[in-house]
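Quick notes on the structure that follows.
Just so it is clear, none of the values below were taken in a lab; they were calculated from the coordinates. The shown structure was predicted, so the numbers you read here are calculated from the model rather than taken from an experiment. Virtual Cβ from ideal backbone geometry, glycine too; neighbours counted across all protein chains shown.
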Amino acid sequence: MAQLLSCSSSLNTSTCKKSYLKPLDQCSAAFSISVPFKTTRFPFRRLFLREENSKRSRVVRATAIATNQDAPTQSSSGSPQSFGVPSKPQRVMVIGGDGYCGWATALHLSNKGYEVAIVDSFVRRLFDHQLGLDSLTPISSIHDRLHCWKSLTGKSIELYVGDICEFDFLTEAFKSFEPDAVVHFGEQRSAPYSMIDRSRAVYTQQNNVIGTLNVLFAIKEFREQCHLVKLGTMGEYGTPNIDIEEGYITITHNGRTDTLPYPKQASSFYHLSKVHDSHNIAFTCKAWGIRATDLNQGVVYGVMTDETAMHEELCNRFDYDGVFGTALNRFCVQAAVGHPLTVYGKGGQTRGYLDIRDTVQCVELAIANPAKPGEFRVFNQFVEQFSVNELAALVTKAGEKLGLNVQTVSVPNPRVEAEEHYYNAKHTKLIELGLKPHFLSDSLLDSLLNFAIQYKDRVDTKQIMPSVSWRKIGVKPKTVTT
Ligand code: NAD
Ligand code: USQ
């Protein structure tokens with residue numbers, strides 16, 4: 001735990017270290033700044049040294065020259081350009097743009113002609129260091145990633161380095177970039193991480209709830225037409241014994257009828273932070289006229305998108321460990337290294353799943369079809385439902401075709417959750433907007449397994465078994481054992 005509670009590091013942004021397919025034309029102007037950061041006894045709240053405001057240099061901007069001829073445009077009302085109003089490309093701020101979903105989305109939007117800025121504190125890379133975890137795939141620094149993207153496509157993505165829980169930083173980023181839409185991925189997103197101990201539970205809710213509140217205040221104060229696209233989670237609903245609707249349910253009670261927010265029954269401090277976010281967003285839509293879309297996303301799998309596949313320097317992260325790894329991605333890595341698939345409990349836990357290529361598509365659809373001022377819109381963002389047992393069976397079958405001997409083990413469930421339950425969640429709104437889903441076909445599982453096999457020498461098998469227990473969470477800081 002000492003390692004977790006006190007650590008310091010220094011991040012040096014470099015200029016044009018590597019040569020890519022095309023030379024960088026402006027690299028000497030970009031990223032020539034050094035940003036020190038240090039964590040303290042409360043490691044998570046302040047990623048950067050607390051200096052006087054005047055000395056802070058948290059905003060690091062890459063070149064911001066628009067190069068796109070075919071950029072999506074925005075009318076003065078904030079809706080997609082269609083009536084010949086003089087146009088400029090839509091400006092999209094991607095908070096959490098260095099993470100798994102955020103990186104793929106930032107590149108996708110940039111490729112589609114949006115002006116993109118990434119906002120990230122890199123706290124996720126810090127969690128990995130603190131817990132001794134690593135992505136299956138080697139991931140480059142954000143600076144190398146952005147240089148590579150610029151050199152391959154000619155498109156610039158701006159970068160704002162900082163913690164959105166610090167309102168001064170967020171204010172600076174908002175005033176400088178002037179977003180038309182904010183896609184907010186920037187949260188602590190692991191349920192097991194939030195259940196390690198009190199300090200991680202508090203950190204998760206503080207980081208997520210305050211970060212989102214700050215985004216809402218920034219929109220109100222500086223960009224009131226800006227559309228908030230917020231990543232929520234299907235886990236907000238829990239596993240009720242009735243169909244799950246998209247955000248709202250119409251109920252008749254004692255002869256009166258109303259349409260109300262669908263009941264929330266989250267089952268970790270992380271999932272609960274998303275419920276709190278949703279309530280705060282819904283309230284500010286009503287009170288201040290904020291326009292917002294809550295994307296209640298299911299479990300994401302896969303790693304490649306058209307853009308991240310363009311160069312190894314653009315490769316996305318792929319978590320397989322017991323804290324950040326998610327079910328299907330974990331099972332593919334387990335099969336690749338000959339570790340039994342870790343089904344928790346009875347394995348009847350059913351969730352919605354989607355390919356990361358659909359995550360980027362859904363976000364783009366939400367941006368291109370914004371919510372109206374004052375509207376709190378909720379989409380259930382997944383394309384198929386599977387139980388954990390079904391996923392294990394699919395991976396076993398696909399693994400056997402590749403000559404792997406795949407076994408499954410029933411692990412005592414470290415979580416408190418229903419292991420056999422009804423699950424039928426609606427997910428039609430994104431399809432109506434034009435989502436073309438990628439389903440989990442045999443060929444996709446083949447390629448995911450082959451991907452895991454390609455990197456299997458990087459797997460630390462000690463990180464595979466779950467090490468966080470919902471029941472054993474306590475006040476004392478805990479070291480996650482391997
Ligand atoms: P991730 O951990 O890979 O990325 C999150 C990014 O946000 C990281 O780069 C992190 O450094 C950054 N971040 C966190 N707190 C921040 C702060 N206060 N200020 C600035 N940056 C901050 O997570 P992910 O898998 O990409 O998930 C992104 C979002 O999507 C999360 O909100 C998550 O809840 C949601 N989601 C993810 C999945 C999934 O399966 N991965 C499924 C459903 C919903
Ligand atoms: N599970 C296993 N074995 C494993 C891993 C998971 O049986 O090795 C089970 C879990 O017990 C759970 C289900 O699989 O019942 C899904 O677990 P997960 O770790 O894949 O996903 P979860 O913890 O729910 O969280 C992930 C993301 C989170 C997102 C959520 C969407 O980390 O950010 O919000 O998926 S959802 O599940 O729809 O809430």
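Points to keep in mind about this one:
- Karplus (6.51, -1.76, 1.60) ³J(HN,Hα), θ = phi - 60°, over segment 288-305, in Hz, Gly and Pro reported as x: 10, x, 4, 9, 9, 10, 9, 9, 7, 7, x, 6, 8, 10, x, 9, 8, 10
- Pair-distance distribution of segment 132-175: all C-alpha pairs, bin width 5 Å, starting at 0; shares per bin in whole percent are 5, 18, 17, 14, 20, 18, 8, 1.
- Qualifying chymotrypsin sites (Phe, Trp or Tyr not before Pro) in segment 370-435, DSSP loop, other Cβ atoms within 10 Å at most 13: Y422
- Under the simplified labelling scheme, the L433-S140 pair shows an inter-label distance of 3.0 nm, with each label point 7 Å from Cα along Cα→Cβ.
- A cut-off of 5 Å between modelled amide H atoms, ignoring neighbours fewer than 5 places along the same chain, links L404 with no other residue.
- Judged by the gyration tensor of its Cα atoms, with axes a ≥ b ≥ c, segment 434-482 is oblate; a/c meets the 1.5 cut and b/c is at least as large as a/b.
- Between segment 320-357 and segment 407-441, the Cα center-to-center distance that results, in Å: 12
- Per-pair calculated FRET efficiency, R0 = 41 Å: D446 and T479 via Cβ, rounded to 0.05: 0.60
- Inter-site label distance for K397 and F217 at 7 Å from Cα along Cβ, in nm: 5.3
- Three-way shape label, segment 248-380, alpha-carbon gyration tensor, a/c 1.5: oblate
- For a modelled paramagnetic label at H421, 7 Å from Cα along Cα-to-Cβ, the residues of segment 375-413 in reach, with backbone nitrogen under 20 Å, are 379-392, 411-413.
- Unit Cα scatterers, Debye sum, segment 181-320: log10 I(q)/I(0) for q = 0.09 Å⁻¹: -0.34
- Close amide H partners of L159, meaning residues 5 or more places away or on another chain with modelled amide H under 5 Å apart, are A62, I118.
- A full extension of the chain between T252 and V409 corresponds to an added length of 52.0 nm, given 0.36 nm per residue minus the alpha carbon distance.
- Efficiency of FRET between L260 and K372 - r from beta-carbon atoms, R0 25 angstrom, step 0.05: 0.80
- Using a Förster distance of 22 Å, the FRET efficiency for T171-H129 (Cβ separation, nearest 0.05): 0.15
- Out-of-range pairs (alpha-carbon distance over 19 Å; input K150/K230; K286/K372; K112/K436): K150/K230
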